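J.: Please find one structure pasted underneath; my questions will follow.
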Amino acid sequence: MSGIKTVGVIGAGQMGNGIAHVCALAGYDVVLNDISDEALSAGLATIERNMMRQLSRDLISKEDMDAGLKRIATASSMDPLGQADMVIEAATENREVKEAIFRSLVQVVPEHAILATNTSSISVTRLASVTDRPDRFIGLHFMNPVPLMQLIEVIRGLATDQDTYDAAVGFSERLGKTVTNAEDYPAFIVNRILMPMINEAVYTLYEGVGSVTAIDTAMKLGANHPMGPLQLADFIGLDTCLSIMQVLHDGLADTKYRPCPLLVKYVEAGWLGKKTGRGFYDYGDDGMVPTR
């Protein structure tokens, strides 16, 4: 773990900029990579905004913030990742996309570098198999939003060696996170439990058992959840929820994981949740308005 000084993060979106944020505050030099310059600019703006929130709540000092922001460099090509000791992929939850990234990544990263994926459901072993270093490949599943959530699921692939696992645990703990070990089975622990609950909430809506408001209110007040399952789905992204349910359904071959047709329909419509302005709620000028 002491050998990790520079961390590459691939993907400047919601997860990637959060990972870059916590790595920089923990003292790592960070190379934030994305194919889009616009995404990189937006990611940096989000990091600064979120650090300002932490500063306003006395969670970090002004010195911490200034030093953290200085540690983050951006890159729209993979070449600067050649200096990284660890690279964390945080691209969209799509196996083909992730595999293409890792095939390109191994052409530039140094031989000693650890490769990690932030996948929330896809087989770590399968992603590792397209690289030249399955022994130095591991799953690091951060929770969203990364700066606030305390958990990291650490997932070994079939070939992951002990040194890589130990380095990943030490790295995660330096970020101030709590580590839980998950075996490399579809959706790991958190999403294996969480996503079927969200999918069942969508079925409850689909079958007319309750409205969006009724379902979310029932789970907030009846189960003491901080956020209703449909609002949470919007926050995660309905495309991500659907992708994870498809991985569960395909990987475990059990009908209880069949994605709800209404979830499929929302994704087909481009109603992906908060990031697109509409999902189970409409996030317009009138605030959160249920769409059903």
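The values are calculated or read from the model by the stated rules, or taken from the named source; none is laboratory data. As the structure is a prediction and not an experimental result, all values here were calculated from the model. So basically every Cβ, Gly included, is an ideal-geometry build from the backbone, and we count neighbours across all protein chains shown.
J.: If we keep just the residues of region 213-229 that are out of contact with any Gly (no Cβ under 8 Å at 6 or more places or on another chain) and in a helix (DSSP H, G or I), which is nearest to Thr291 (Cα to Cα)? Can you show your working first?
T.: Of region 213-229, the ones out of contact with any Gly (no Cβ under 8 Å at 6 or more places or on another chain) are 213-214, 221-229.
If we keep only those that are in a helix (DSSP H, G or I) too, we end up with 213-214, 221-222, 229.
Details: Thr213: 10, Ala214: 13, Leu221: 21, Gly222: 22, Pro229: 15 Å.
Filtering first and then ranking leaves Thr213.
J.: Any idea how many residues of region 237-249 are within 14 Å of Pro196 (Cα to Cα) and out of contact with any Pro (no Cβ under 8 Å at 6 or more places or on another chain)?
T.: Filtering region 237-249 for residues within 14 Å of Pro196 (Cα to Cα) gives 238, 240-249.
Going one step further and asking which of them are out of contact with any Pro (no Cβ under 8 Å at 6 or more places or on another chain), we end up with 238, 240-241, 243-244.
Going through region 237-249 one residue at a time, the tally reaches 5.
J.: Moving on to the next point. Given the conditions (1) free of Cβ contacts under 8 Å to residues at least 40 places away in the same chain; (2) farther than 27 Å from His21 by Cα, report the number of the one that Val179 does not fulfil.
T.: Exception for Val179: condition (2).
J.: If Ala187 satisfies all but one of (1) within 23 Å of His249 (Cβ to Cβ); (2) at pLDDT 95 or above; (3) aliphatic (A, V, I, L, M), what's the number of the condition it fails?
T.: Of (1) within 23 Å of His249 (Cβ to Cβ); (2) at pLDDT 95 or above; (3) aliphatic (A, V, I, L, M), only one is false for Ala187: (2).
J.: Give, as residue ranges, the helices (runs of 4 or more DSSP H) completely inside region 1-109 that count at least 3 residues that are touching a strand residue (DSSP E or B) at 6+ places or on another chain (Cβ under 8 Å) and within 21 Å of Asn144 (Cβ to Cβ). Explain how you work it out, then say what you get.
T.: Details: elements: 14-25, 37-56, 62-70, 95-105.
Ranges flagged: 14-25, 37-56.
J.: Residues that are more than 18 Å from the chain's Cα centre (by Cα) and part of a loop (DSSP other than H, G, I, E, B): does region 161-181 have at least one? Break it down stepwise before answering.
T.: Step one: list which residues in region 161-181 are more than 18 Å from the chain's Cα centre (by Cα), which gives 161-167, 170, 174.
Checking the rest, the ones that are also part of a loop (DSSP other than H, G, I, E, B) come to 161.
Taking every residue of region 161-181 in turn, at least one turns out to be more than 18 Å from the chain's Cα centre (by Cα) and part of a loop (DSSP other than H, G, I, E, B).
J.: Of Val31, Val22, Val87, which residue is closer than 21 Å to Ser129 by Cα, surrounded by 14 or more Cβ atoms within 10 Å (Cβ to Cβ) and modelled with pLDDT of 95 or more? If you could, list the steps in order and put the result at the bottom.
T.: On the way: Val31 fails: closer than 21 Å to Ser129 by Cα; Val22 fails: closer than 21 Å to Ser129 by Cα.
After applying the criteria, what remains is Val87.
J.: Is it true that Val264 is outside the structural domain of Asn118 (by TED's automatic domain parsing), surrounded by 14 or more Cβ atoms within 10 Å (Cβ to Cβ) and in contact (Cβ under 8 Å) with a residue 24 or more places away in the chain?
T.: Values: outside the structural domain of Asn118 (by TED's automatic domain parsing): yes; surrounded by 14 or more Cβ atoms within 10 Å (Cβ to Cβ): yes; in contact (Cβ under 8 Å) with a residue 24 or more places away in the chain: no.
So Val264 does not fit the description; no.
J.: So which residues in region 67-84 are loosely packed, with under 13 Cβ neighbours inside 10 Å and under 14 Å from Leu25 (Cα atoms), if there are any at all?
T.: First, the residues of region 67-84 that are loosely packed, with under 13 Cβ neighbours inside 10 Å: 70, 77, 79.
Across region 67-84, the qualifying residue is only Lys70.
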